[in-house]
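K.L.:
Pasting in a structure now, in structure tokens, and then I'll have a few things to ask.
The values are calculated or read from the model by the stated rules, or taken from the named source; none is laboratory data. As the structure is a computational prediction, the values presented were derived from the model and not from experiment. Here Cβ is always computed from backbone atoms with ideal geometry, including for glycine, and neighbour counts include all displayed protein chains. The accessibility values were calculated without ligands, DNA or RNA, using every heavy atom of the protein model including side chains. Shrake-Rupley method; radii C 1.70, N 1.55, O 1.52, S 1.80 Å.
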Amino acid sequence: MACFIVSATEALIVTVAQKMIEKKEKSPEEVKVEFAPGTIQSAHGIKFSEKLKWLRTMLWGGSGLLAFEHVWHGEVIPWFPFLTAASNPADAAEMLHEMSTVGVGMALLVTGVWAGMVCVSALIEKNAIASSEVKK
Amino acid sequence: MTLLTSVFAAIICTILWYKKAPKSEMKLGTLSLMFWGASLMWFVDAIFEYAELGVLYFSPAPADMLNDFFLGLSVVAFGLILWLIILMIKDPKGVVKGVLFRKQ
């Protein structure tokens, strides 16, 4: 009904947070990394704000495509109140229930997957630096 | 069907992104993240629908399946249009600028 609104709201918050962090963040230190076997090069890791962009893109992209699906099903309309479910109290209650269950679930899963991506990328960075230090 | 269509779009885009990485001239990373985001959201939707319908979820009527597939393809087309707009605005290869400005 309107589950995408939860993810779109989170996307807005993440976008603002990402812009604020980007302004304050310092450039990461230069490190030696082995990109392919036998080729050690100087490089620097990506900033946290860059990783926040992954979450921002997933949230905006996902909620945008879901909004399209809702337009397809006639649940989003181009005139007030924009959501067909908001036109009567019974449907509005059902819509709010769906937002608090399916909508929150969607936002949590996308955020959880992003957190996993950040953890895995941190591990890859750590291992790449460690292995190139051994080979120096 | 919509979930499946968007998952396949995400997988194809991720493979294409990996082939071109670390260059991001075509912004394929953005496109694949968009489809992955949508796929994860439809996955949650599918879980809730499965909890409601049970095994009936896996045997939809042919007309519903066709409609869902049509929707899935339309979603992919919409995603590609959004990506093209982002590509034209960001213009990582400077193609749009090259069309708008003549080098002296």
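K.L.:
Given the options A:95, A:99, name the one that is in a helix (DSSP H, G or I), within 13 Å of chain B (Cβ to nearest Cβ), open to solvent by less than 40 Å² (accessible area, probe 1.4 Å) and touching a residue at least 24 places away in the same chain (Cβ under 8 Å).
P.N.:
Working: A:95 fails: within 13 Å of chain B (Cβ to nearest Cβ).
Answer to the selection: A:99.
K.L.:
From the list A:117, A:106, pick out the single residue that is under 15 Å from the mean Cα position of the chain (by Cα) and either under 20 Å from residue B:75 (Cβ atoms) or at pLDDT below 90 (or both). Spell out the reasoning first.
P.N.:
On the way: A:117 fails: either under 20 Å from residue B:75 (Cβ atoms) or at pLDDT below 90 (or both).
After ruling out the rest, the residue left standing is A:106.
K.L.:
Condition check: more than 12 Å from chain B (Cβ to nearest Cβ), surrounded by 14 or more Cβ atoms within 10 Å (Cβ to Cβ) and without any contact (Cβ under 8 Å) to a residue 24 or more places away in the chain. Does residue A:37 satisfy that? Full working, then the answer.
P.N.:
Numbers: more than 12 Å from chain B (Cβ to nearest Cβ): yes; surrounded by 14 or more Cβ atoms within 10 Å (Cβ to Cβ): no; without any contact (Cβ under 8 Å) to a residue 24 or more places away in the chain: yes.
Considered against the rule, which asks whether it is more than 12 Å from chain B (Cβ to nearest Cβ), surrounded by 14 or more Cβ atoms within 10 Å (Cβ to Cβ) and without any contact (Cβ under 8 Å) to a residue 24 or more places away in the chain, residue A:37 comes out as no.
K.L.:
In the list A:66, A:52, which residue meets the criterion of being within 14 Å of chain B (Cβ to nearest Cβ), aliphatic (A, V, I, L, M), open to solvent by less than 40 Å² (accessible area, probe 1.4 Å) and farther than 24 Å from residue B:22 by Cα? Full working, then the answer.
P.N.:
Values: A:52 fails: farther than 24 Å from residue B:22 by Cα.
Exactly one residue qualifies, and that residue is A:66.
K.L.:
Could you check segment A:13-34 and list, in sequence order, the residues that are surrounded by 15 or more Cβ atoms within 10 Å (Cβ to Cβ) and under 12 Å from the mean Cα position of the chain (by Cα)?
P.N.:
Result: A:14, A:15, A:18.
K.L.:
I need the helices (runs of 4 or more DSSP H) fully contained in chain B, keeping only those with at least 3 residues that are within 10 Å of another protein chain (Cβ to nearest Cβ) and within 27 Å of residue A:46 (Cα to Cα).
P.N.:
Because the criterion is at least 3 residues that are within 10 Å of another protein chain (Cβ to nearest Cβ) and within 27 Å of residue A:46 (Cα to Cα), the helices (runs of 4 or more DSSP H) in chain B that meet it are B:28-53, B:62-90.
K.L.:
If you don't mind, there's one more thing I want to ask. Would you pick out the residues in segment B:53-69 that are farther than 17 Å from residue B:7 by Cβ and either open to solvent by 90 Å² or more (accessible area, probe 1.4 Å) or of a type in the set (D, E, K, R) (or both)?
P.N.:
Passing the criteria: B:55, B:56, B:62, B:64, B:66.
K.L.:
Does residue B:2 fit the bill of being buried (at least 24 other Cβ atoms within 10 Å of the Cβ) and hydroxyl-bearing (Ser, Thr, Tyr)? Write out each step before concluding.
P.N.:
Values: buried (at least 24 other Cβ atoms within 10 Å of the Cβ): yes; hydroxyl-bearing (Ser, Thr, Tyr): yes.
Yes: the conditions hold for residue B:2.
K.L.:
For the subset of segment B:23-50 comprising residues that are out of contact with any Phe, Trp or Tyr (no Cβ under 9 Å at 6 or more places or on another chain) and free of Cβ contacts under 8 Å to residues at least 12 places away in the same chain, which member is surrounded by the most Cβ atoms within 10 Å (Cβ to Cβ)?
P.N.:
Among them, the one singled out is B:40.
Residue by residue, here is whether (1) at pLDDT 90 or above; (2) more than 28 Å from residue A:109 (Cβ to Cβ) holds:
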position: A:9; (1), (2): yes, no
position: A:25; (1), (2): no, no
position: A:37; (1), (2): no, yes
position: A:41; (1), (2): no, yes
position: A:44; (1), (2): no, yes
position: A:64; (1), (2): yes, no
position: A:71; (1), (2): yes, no
position: A:80; (1), (2): no, yes
position: A:90; (1), (2): no, yes
